[in-house]
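Written below as structure tokens is the structure these notes are about.
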Amino acid sequence: MKKLSKETFAQIRRWVYLHARPLEMAKWEYNFENGSKEAISKIMSVYQNEDGGFSGFDPDCSNPDSSPWSTFLVGSELKDKSDPILQGIMRYVANTDHFTEQGWYWAIPSNNDYPCESYMRFPNSPWFPDDWPPSKINNGNMSRFVLEHFDKDDEVYKKTLRMLEYRISIMPTYAEFCRHANTIEQGMEAWDWAKLINNLRTFGIVDNDEYNRIASDFMKIAESSLKDKNTLEEIRYWRENNGSEHGCDPEEIDFDALVDKLSAGNKWNDNGLLDGNRNETTSLKVGELWWPIIEVINILKILKENNRLDIEINKV
């Protein structure tokens, strides 16, 4: 049984301390160094705008306006409806113009006024047709948030049901989406469809027979459209295992592979920022610093929960 070494953990810790945003720093301290949840909430509140939505959570977009994607990234971590942050998110969800009966916007119009990666441009990445709808990638996530937190007689809940009905009616357009999208976008959209379809059964919107019909129909579309083999295998796993996401069940997680992933070839290793595609004059994107930190904290949490760290947590 492999465990992450003290040396690698120390390298990662140093990287986090050098480069993490305050939010990830607070999460690191909470999970590994006796930090508090209150510290995380305090920093989260700085990202929350007056409309209750969030901005700035995704390192790939510097737009200060509230967006559904940034708001989801926060809302997915909150469960207590008495939490003022969650109440603000619900207010945003109920009032934003970025939710229509066709779906949730992935990017928002004001993204185009700020530095953002191309895939976060509105209405779509520049390689999409000009008339491609902006609702994508975040419909499964946001519909789950609404179905979990809003009452069934609330207009937002009813609007979400109408949106889900519409999305299912256009499910075949995923094939055309794949003809325009890069492999990352294809994968994100595939999982959005899988989550949306799961919501139909989880919240009793359709019965099991109808769920299986819809899931099978989507699987056929994915088989003929998805270019990325890894994502296709993940979607096959989802379908073959009754809506389960690969890697969510501890019995399915390859812990040794996670240890290996963190132990070699990462940015926190010596000379980790050097690679064959960069020289001294090449600029470094903030996402290249922040995304690895976001990911490594999540992986370390999994390793910690399953006794795969060769250290005594909180005494580093």
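Listing for the model above:
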{"read-out": "Pairs where the first residue, in the stretch 45-67, is farther than 18 Å from Asn95 by Cα and the second is aliphatic (A, V, I, L, M) and crowded, with 20+ Cβ neighbours inside 10 Å, C-beta under 6 Å, 6+ apart", "value": "Asp60/Met120; Cys61/Met120"}
{"read-out": "Qualifying positions in the stretch 185-220 - touching a residue at least 40 places away in the same chain (Cβ under 8 Å), assigned to a helix (DSSP H, G or I) and over 23 Å from the mean Cα position of the chain (by Cα)", "value": "Ile214, Asp217"}
{"read-out": "Residues of the stretch 95-118 classified as of a type in the set (Val, Ile, Thr) and within 13 Å of Asn138 (Cα to Cα), total", "value": "2"}
{"read-out": "In the stretch 126-154, residue surrounded by the fewest Cβ atoms within 10 Å (Cβ to Cβ) [restricted to those that are outside any helix (DSSP H, G or I) and under 18 Å from the mean Cα position of the chain (by Cα)]", "value": "Pro134"}
{"read-out": "Test: residue in the stretch 78-92 that is more than 21 Å from Glu288 (Cα to Cα), buried (at least 19 other Cβ atoms within 10 Å of the Cβ) and out of contact with any Gly (no Cβ under 9 Å at 6 or more places or on another chain)", "value": "no"}
{"read-out": "Positions within the stretch 93-104 being more than 22 Å from Leu78 (Cα to Cα) and buried (at least 19 other Cβ atoms within 10 Å of the Cβ), in sequence order", "value": "Gly103"}
{"read-out": "Residue match in the stretch 94-117 (condition: outside any loop (DSSP other than H, G, I, E, B), touching a helix residue (DSSP H, G or I) at 6+ places or on another chain (Cβ under 8 Å) and over 30 Å from Thr183 (Cβ atoms))", "value": "yes"}
{"read-out": "Flag if Pro68 is at pLDDT 95 or above, surrounded by 16 or more Cβ atoms within 10 Å (Cβ to Cβ) and not aromatic (Phe, Trp, Tyr)", "value": "yes"}
{"read-out": "Every residue from the stretch 113-165 that is small (Gly, Ala, Ser) and free of Cβ contacts under 8 Å to residues at least 60 places away in the same chain", "value": "Ser118, Ser135, Gly140, Ser143"}
{"read-out": "Some residue of the stretch 9-26 being assigned to a loop (DSSP other than H, G, I, E, B), out of contact with any helix residue (DSSP H, G or I) (no Cβ under 7 Å at 6 or more places or on another chain) and among the small types (Gly, Ala, Ser)", "value": "no"}
{"read-out": "When residues of the stretch 5-41 are limited to those that are in contact with a Lys or Arg (Cβ under 8 Å, 6 or more places away or on another chain) and in contact (Cβ under 8 Å) with a residue 24 or more places away in the chain, the one nearest to Pro292 (Cα to Cα)", "value": "Trp15"}
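The values are calculated or read from the model by the stated rules, or taken from the named source; none is laboratory data. Since we're looking at a predicted model, the values are computed, not measured. Counting neighbours? That spans all protein chains shown, and the Cβs are built from the backbone with ideal geometry, glycine included.
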